[in-house]
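None of the figures in this text is laboratory data; all of them are computed from the coordinates on show. No experiment lies behind these values; they were computed from the predicted model shown. With ideal geometry, Cβ positions are generated from the backbone for all residues, glycine too; neighbour counts draw on all protein chains shown.
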Amino acid sequence: MGKYFGTDGFRGEANVNLTVEHAYKVGRFLGWYYGREHKAQVVIGKDTRRSSYMFEYSLVAGLTASGADVYLLHVTTTPSVSYVVRTEGFDCGIMISASHNPFYDNGIKVINGSGSKLEASVEEQIEDYIDGRMQEIPLATREQIGRTVDFSAGRNRYIGYLISLPTRSFKTMRVGLDCSNGSASSIAKSVFDALGARTYVIHNDPDGTNINDGCGSTHIEALQAFVKEKGLDVGFAYDGDADRCLAVDEHGNVVDGDLILYICGKYLKEIGQLKDDMIVTTVMSNIGLYKACDRIGLKYQKTQVGDKYVFENMMENGYRLGGEQSGHIIFSKHATTGDGILTSLKIMEVLLEKKTTLGTLASEVTIYPQLLKNLRVTDKKAVLEHPDVIKAIREVEDELKDDGRILVRESGTEPLLRVMVEATSHELCDRYVTKVIQTMERVM
């Protein structure tokens, strides 16, 4: 973790701890860094929040002042920026978005030339430049000053790519989409319509301040009600920049990232397209997922929390499917990031090929009740290493045995310890989380 860049870019409240000056300096550095041996070409996308335009203009000013040519995708999704970068030969891409956060937050996600998240070593150099710890970057002059190009065609090519992936028509399916008043609003419906689905859309009218407001993957109850009201076959909810997807089955039940990994992983295993029969999860995936995988011989690996770490594991080992409970799902054959719309298309493929419903497929997994609580501390290490805390955690592990688990970890961005318990009932979860939290409070 850096001073400004976390696991998902430089994020903060617009004009509070993420300012136009920050954006300008990020642009200045990237234009110089990628333009040392040739004229840099950078592509930018943004979500629908009001401040995204402000940050877009600031980044463009910094990039062109350093001599880079900038190509604007306008309102689009994070995975579309990744796709355009790696297929069109750009030096890097920038997505202006704070994902699932409220509208007053924003973020700058930098994507390298391979379509993956920017290397931490380069982020450190950007931070040094922002804080004045490196020499000033020269300004481009005369014909070396960069230009700005409308590149909405790049977004259209991404839409065409998505439409090309399914091998079956969706004409028999009634599909609900919750676009979160965000980036998916400009793409998702057109993809499903082109594939023949009868598409029903909610939260598809962004106004700059309603992104993620009571809608999308973080407020999926709206889609649950919509699917039941309209009698739809399936529903998909995206987050603000559409790199996440959660689903709703025909009964209105939530199908989260763990269930999506199981459903798609089992299908890919059956058709021989899953290397080593392996999926990649994080330590936060539900124990119910692992028990279901064990029953069918579906193997799994666990990484620390963050789709960045899932992707690194997948690339290192050549695995085809990985993701998080939150709905960041990576299909490495098709994408280098989580892609919510792509994920919904892959779920549709399974439904159509298996000729069954999402509820039937998800019913094979029994999700264990899960409770997560945070405790603010001044010294995370001291609390975690205290003998009484270690003892309390071991006692919970002994009592749970194979019918649950406890996970205690440090927050990577805040002075918090996170205590998560999965057990056979909500009451047990609450009892064991409370036991460990109270022990921590006593030793602080």
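Taking the chain as a Gaussian network of alpha-carbon nodes connected by springs under 10 Å, the highest mean-square fluctuation of the residues Ile260, Ile202, Ile330 belongs to Ile202. Note on the chain: helix-only mean residue ellipticity at 222 nm, from DSSP H runs of 4+ residues weighted -39500 (n - 2.57) and normalised by residue number, equals -12000 deg cm²/dmol.
Normalised Debye scattering of region 165-362 at q = 0.10, 0.13, 0.17 Å⁻¹ gives log10 I(q)/I(0) of -0.37, -0.63, -1.09, counting only Cα atoms as equal scatterers and leaving out solvent. Each part reduced to its alpha carbon centroid, region 322-396 and region 184-241 end up 22 Å apart.
Counting only lysines at least 8 places from Lys308 when in the same chain, those with an alpha carbon closer than 19 Å to its own are Lys3, Lys109, Lys117, Lys333.
Each residue, Thr424 and Asp379, gets one label point 7 Å from its Cα in the Cβ direction; the gap between the two is 4.0 nm.
Ranked highest first by the average count of other Cβ atoms within 10 Å around their residues, in what order do 51-64, 136-149, 179-192, 381-394 fall?
Values: 51-64: 22.2, 136-149: 12.6, 179-192: 26.9, 381-394: 14.4.
Highest-to-lowest ranking by the protection proxy: 179-192, 51-64, 381-394, 136-149.
For the chain, with a Gaussian network of springs between Cα atoms less than 10 Å apart, report the residue from Pro206, Pro415, Pro102 with the top mean-square fluctuation. Per the Cα network of the chain with a 10 Å cutoff, Pro415 tops the list. For the chain, complete DSSP H runs whose alpha carbons reach 24 Å or more along their own long axis and whose mean Kyte-Doolittle score is -1.0 or higher are 426-443. Taking label positions 7 Å along the Cα-Cβ direction at both Val149 and Arg198, the computed distance is 4.4 nm, reported to one decimal.
A cut-off of 5 Å between modelled amide H atoms, ignoring neighbours fewer than 5 places along the same chain, links Tyr200 with Val175, Gly176, Leu177.
What's the exposure ranking of Thr78, Thr357, Thr199, Thr282, going from fewest to most Cβ atoms within 10 Å? Write out the running numbers ahead of the final one.
Numbers: Thr78 29, Thr357 15, Thr199 20, Thr282 23.
Ranking Thr78, Thr357, Thr199, Thr282 by Cβ neighbours within 10 Å, fewest first, gives Thr357, Thr199, Thr282, Thr78.
In the chain, what % of DSSP beta bridges are antiparallel (nearest 5)?
Numbers: 33 of 63 bridges.
Around 50 percent of the beta bridges assigned by DSSP in the chain are antiparallel ones.
Taking a ≥ b ≥ c as the square roots of the eigenvalues of the Cα gyration tensor, an a/c ratio of 1.5 or more together with a/b no larger than b/c marks region 25-108 as oblate.
Binning the alpha carbon pair distances of region 5-156 at 10 angstrom intervals from zero yields the distribution 13, 46, 36, 5, 0, expressed in whole percent.
Got a sec? How would Arg11, Arg50 order by Cβ neighbour count within 10 Å, fewest to most?
Final ranking by Cβ density, sparse to dense: Arg50, Arg11.
Sorted from longest to shortest, the spans of the Cα atoms of the chain along the three principal axes equal 71, 59, 41 Å. For region 355-368, backbone phi angles converted through the Karplus equation (6.51, -1.76, 1.60; θ = phi - 60°) give residue-by-residue couplings of 6, 9, 9, 5, x, 5, 5, 6, 5, 6, 10, 9, 7, 7 Hz, Gly and Pro being listed as x. When the Kirkwood hydrodynamic radius is evaluated over all pairs of different C-alpha atoms of region 117-235, what value in angstrom, to one decimal, is obtained? It is 18.1 Å.
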